[in-house]
Amino acid sequence: MSENRVVLRVENLKKSFGDKEVLKGVSFDMNEGETKVIIGPSGTGKSTLLSCINMLVTPDEGKIWLEEEEVTSAKNINRIRQEIGFVFQDFGLFNHLTALRNVMVGLTKVKKVEKEKARELAMKELKRVGLEREAKMYPAQLSGGQKQRVGIARALAMQPKIILFDEPTSALDPELIGEVLSVMKNLAESGMTMLVVTHEMGFARTVSDEIIFMEHGHIVEQSAPEEMFKNPKNPRTKEFLFKLNELYGE
Amino acid sequence: MWVTLQITFLTLGLGLVLALPISFGQVYGNKWIKAFIAGYEKVLRSIPELVILFLIFYGFPRIGVRFSPFVAVVLGLGFRSSAYQSQIFRGAINSVSSAQMRAARSLGMTNLKGFINVVLPQAVRIALPPWTNEFTIVLKDSSLAYALGVTELLRQGGYIIATKYEPMLIYLTVAAMYFIVTLIINRGLGSVEKRLAIPGFDVKETVR
Amino acid sequence: MERMWKIVVENWPKLLEGLGVTLEMTMIAVVIGFVIGVILAIARVYGNKLFYGISTAVIEVIRGTPLLVQLFILYYGLPPLGVNLSPFMAAIIGFAINSGCYQAEYLRGSIQSIADNQMKAARSLGMTKRQAILQVIMPQALRRVIPAWTNEFIYLLKYTSLAYIVGAPELMAQAKFIASRNFQFFEVYLVVAIIYLVVVLFFTKLFSMLEKKVEIPGLEWVR
Ligand SMILES: Nc1ncnc2c1ncn2[C@@H]1O[C@H](COP(=O)(O)OP(=O)(O)O)[C@@H](O)[C@H]1O
Ligand SMILES: [Mg+2]
C-alpha cells in the first residue's frame, strides 16, 4: 500500500476570517492509499482546512499540491475539484434529484460522460455502498445513513484521487453511524486515499494510518494511532483524548 | 396626495375592523361560520378590485343607499382588504403552534389568558411583515379610485397634465410620490418589526 | 337574475371576446414576466454589485408604485417622446414588467430558502457557478415557487382589468360598453364578477393539480 507516492501536499497553510486567524500554518502530506484522521476541538479549523484543500475556501497563504499540480495556483479549479471528492457533514445531496441522479450529475454535467455510461457507473458506485435498491428514491425518502452513503457514492463516481470527509457521521443517529463507517472502512482497504475529520475513535484506531491532532489552527501532534493512544507526547493531546474517552466511552 | 392617504388609511382601518372578527371566526368558529367566511374570502379575493368598486358604486343605490364615489372606494377596497388581512391574522394565529397553548394551559391559564399572553404576542410579530405588505398594496390600489372619478393623486396628475402638456414628467412625479410613501411605510413598520424582534424567533416574509 | 341572464344571452360574443383578450394579456404577460423575473432574481442573488444594484432598484421601484401609474406612463407618457404604443401593447408591456418584478421576488425568496450546502456540494463536484445555478439551484427554486406563481397568475388576471382604463378591449372594457347601452350597470358588473370568479377558481384548481404533478418529496413549497 505505501509506495510513498505523495498524492496531497499541504504546506504552511494560513487562513483568517476577518482578524481571526483560523489556520496558522498547517503542513502535512498524504501518500497514495493512506487514510489519515484529523481530530481536535470544535472551532479549531478542521472544516476550514478541508475546504481550503479544494478551494471552496481560498487560503491566504501557503501552498497545496495534488500530485504534481499546484492547487493553490490552478487556473481551472473546477477541473481539480473533480479529482478531490468531498463528503459533507450534512450530506449536501441535491434535493431535487434521486439517489441515482445525485451520483450521475457530476458525471454528465461536469465530466460530460454520456448518459447511459454515467448511469452504469453510478449504479456501480451505489452498489458499492449497498444502495442499488434505493436508486430511485429522493433524498427526503432516505435515512441519514443512506443519505451519507449516497454522498460517498457521488464522490466516488468522479474517480477522485483523494476523498475528504468532514465529520461524515456526526449528523447521524447512533444506530446509523455503523453503516457509514463500514463503507468507509471498505474504501480505505480498497486503497482509496482518504482524509477524514471524525471523532469516531474506533474508526481512527483500526482504519487510519495516522492521526492528526489539531488545536487553535495548529497541528499539535501527528502519529500512528497506537502511538497516539498509548503515549501522546503533548499534554494537550492527552487531555483531549481523555475527554473524548469520557464522552464516547471507548 | 391627501385624498390618496385618506383612502389608504380608511380602507386599512375598515379592513382591520372587519378582519379581526373574521379571523377569530375562522380559527375558533363552528363549521357554518367557517364555511361562510371561507366563501366571503374566496369571492373577494377572486374578483378584480375594480369590479368590486363598480358593484358597490352601482349596487347600493339599488337598495336605496346612495353615497359618493369616495365612500364607495373606501367600502370596496375595505372589504377586499378585510379578506386579505383576515387571512394574514388567521395564518399568524395558526402558525403559533398548539404546543404553546398546551404549555400555557399547563401553567393553569384559561384559554383566553393563554391566547392573550402567549399566542397573541407571537402572532402579532408573525403578522407584521405581511401586514406591512398589505398596507402598501392598499396604498397602490387607492389609485383605482381614479376609475370612479375620485380626485386622488393619479387623477390630480391627469388634471395638471391637461394644463401643462408634460405627461411623462408628471406621471413620473406621481410614481415617485407613491414610491416615497411606500418606502416610508416599509421603513417605519420595518423598524417596529426590529424593535419587537426576539432572538431565535424568526419571521419569514411573504411577498405581495 | 332574469335581467342578468338576458345580458349574457344578448352580449355573449362581446363578453367572450373580452374574456379572450383578458386571458391573452394575462398569459403573454406572465410568460414575459417569467423571463424578466428569472433574470432579475439571478442578478439580485448572484450578481456583482452593479447587477445587484440595478435589479434591486428596478424591482423596488416597480413594486413601490401602482400598476395603474405604470400603465399611464407607458400609454400617456411615451407618445410625446415619439413612442406610440397601442393600448393592448402598453398594457402587455406594463403587466409583464410589473409581474416580472413580483416574480423575481418570489424566486429570490425561493432561491434563498435553498440551503447553501447545495451550492457548496455542487462546486465540490467541479461545477462552475453557472452550472451549479442551472443544474442544482434553479431546478429546486423553480419547483418550490410554483404555488407563489399560481397566486401571481391570479393577481395578474385580476389586474388586467386595469387595461380598460387605457382602452384595451378586455372584459371590463366590454362590460362598460354593454352597460353604456343598456344602463344596467350593476347587472353587467355582476355578470363580469361571476365570470372572473369562475375563471379564477378554474385556474386555481388547475394549478393545484399541476403542483401535485411536479411535487418531489422533501421539496416543500414556498408560499
Ligand atoms: N466563512 C466563515 N466566516 C467567518 N468565520 C468562519 C467561517 N468559517 C469558519 N469560521 C470560523 O473559523 C473557526 C474554525 O471553524 P471550523 O473550520 O468550522 O472549525 P472546526 O471544523 O474545527 O469545528 C470558527 O471559529 C468559525 O467560527
Ligand atoms: Mg467542522
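The values are calculated or read from the model by the stated rules, or taken from the named source; none is laboratory data. In this text, all values refer to a predicted model and were calculated from it rather than measured experimentally. Note: ideal-geometry Cβ built from the backbone for every residue, glycine included; neighbour counts use all protein chains shown.
What the table below lists for this structure:
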| item | result |
| --- | --- |
| Search result, residues across segment C:119-161 that are at the interface with chain A (Cβ under 9 Å from one of its Cβ atoms) and assigned to a loop (DSSP other than H, G, I, E, B) | C:L125, C:G126, C:M127, C:T128 |
| Among the candidates C:I111, C:I92, C:I97, residue that is at pLDDT below 95 and within 26 Å of C:I42 (Cα to Cα) | C:I111 |
| Candidates A:L49, A:L23, filtered to the one that is part of a strand (DSSP E or B), in contact with a strand residue (DSSP E or B) (Cβ under 9 Å, 6 or more places away or on another chain), within 13 Å of ligand 2 (Cβ to nearest atom) and of a type in the set (A, V, I, L, M, F, W, C) | A:L23 |
| Members of segment B:106-128 found to be modelled with pLDDT under 90 and under 21 Å from the mean Cα position of the chain (by Cα), listed by number | B:L120, B:P121, B:Q122, B:A123, B:V124, B:R125, B:I126 |
| Any hit, segment A:53-76, residues being within 11 Å of ligand 1 (Cβ to nearest atom) and either within 30 Å of A:Q141 (Cα to Cα) or not polar (S, T, N, Q) (or both) | yes |
| Residues being more than 10 Å from every other protein chain (Cβ to nearest Cβ) and within 13 Å of C:L162 (Cβ to Cβ) - total across segment C:71-87 | 1 |
| Segment A:22-48 residues that are within 14 Å of another protein chain (Cβ to nearest Cβ), paired with ones that are within 13 Å of ligand 2 (Cβ to nearest atom) and assigned to a strand (DSSP E or B) (beta carbon under 9 Å, 6 or more apart) | A:S47/A:D166; A:S47/A:V197; A:T48/A:V22; A:T48/A:L23 |
| Residue match in segment C:102-118 (condition: within 14 Å of chain A (Cβ to nearest Cβ), over 22 Å from the mean Cα position of the chain (by Cα), within 26 Å of C:I216 (Cα to Cα) and crowded, with 18+ Cβ neighbours inside 10 Å) | yes |
| One residue from A:V87, A:V110, A:V105 being within 13 Å of chain C (Cβ to nearest Cβ) and within 16 Å of ligand 2 (Cβ to nearest atom) | A:V87 |
| Helices (runs of 4 or more DSSP H) wholly inside segment B:53-151 containing at least 2 residues that are in contact (Cβ under 8 Å) with a residue 12 or more places away in the chain | B:69-95, B:98-106, B:120-141 |
| Qualifying positions in segment A:10-39 - over 15 Å from the mean Cα position of the chain (by Cα), under 19 Å from A:N54 (Cβ atoms) and of a type in the set (D, E) | A:E11 |
| Residue within segment B:68-88 that is at pLDDT 90 or above and surrounded by fewer than 14 Cβ atoms within 10 Å (Cβ to Cβ) present | yes |
| Test: residue in segment A:212-220 that is among the aliphatic types (A, V, I, L, M), buried (at least 18 other Cβ atoms within 10 Å of the Cβ) and touching a Ser or Thr at 6+ places or on another chain (Cβ under 7 Å) | yes |
| Matching option when the condition is aliphatic (A, V, I, L, M) and more than 29 Å from C:Y75 (Cβ to Cβ), among C:L210, C:L190 | C:L210 |
| Some residue of segment A:223-231 being assigned to a helix (DSSP H, G or I) and touching a Gly at 6+ places or on another chain (Cβ under 8 Å) | no |
| Inter-residue pairs, beta-carbon under 7 Å, first in contact (Cβ under 8 Å) with a residue 24 or more places away in the chain and under 16 Å from A:D209 (Cα atoms) and in segment A:3-18, second polar (S, T, N, Q) and more than 14 Å from ligand 1 (Cβ to nearest atom), 6+ apart | A:N4/A:N31; A:R5/A:N31; A:V6/A:N31; A:V7/A:N31; A:V7/A:T193 |
| Condition met for A:E68 (surrounded by fewer than 23 Cβ atoms within 10 Å (Cβ to Cβ), farther than 16 Å from C:S124 by Cα, away from ligand 2 (no atom under 16 Å from the Cβ) and touching a residue at least 12 places away in the same chain (Cβ under 8 Å)) | no |
| Segment A:34-52, residues that are more than 12 Å from ligand 1 (Cβ to nearest atom) and either β-branched (V, I, T) or farther than 30 Å from A:K243 by Cα (or both) | A:T35, A:V37 |
| Among residues of segment A:90-102, those that are under 18 Å from the mean Cα position of the chain (by Cα) and facing chain C (nearest Cβ under 7 Å), counted | 2 |
| Some residue of segment C:155-172 being of a type outside the set (D, E) and more than 24 Å from the chain's Cα centre (by Cα) | no |
| Every pair of residues 6+ apart whose Cβ atoms lie under 8 Å, when the first sits in segment A:167-186 and is away from chain C (no Cβ under 14 Å) and within 17 Å of A:G130 (Cα to Cα) while the second is within 16 Å of ligand 2 (Cβ to nearest atom) and of a type in the set (A, V, I, L, M, F, W, C) | A:V180/A:L172; A:M184/A:F165; A:M184/A:V196 |
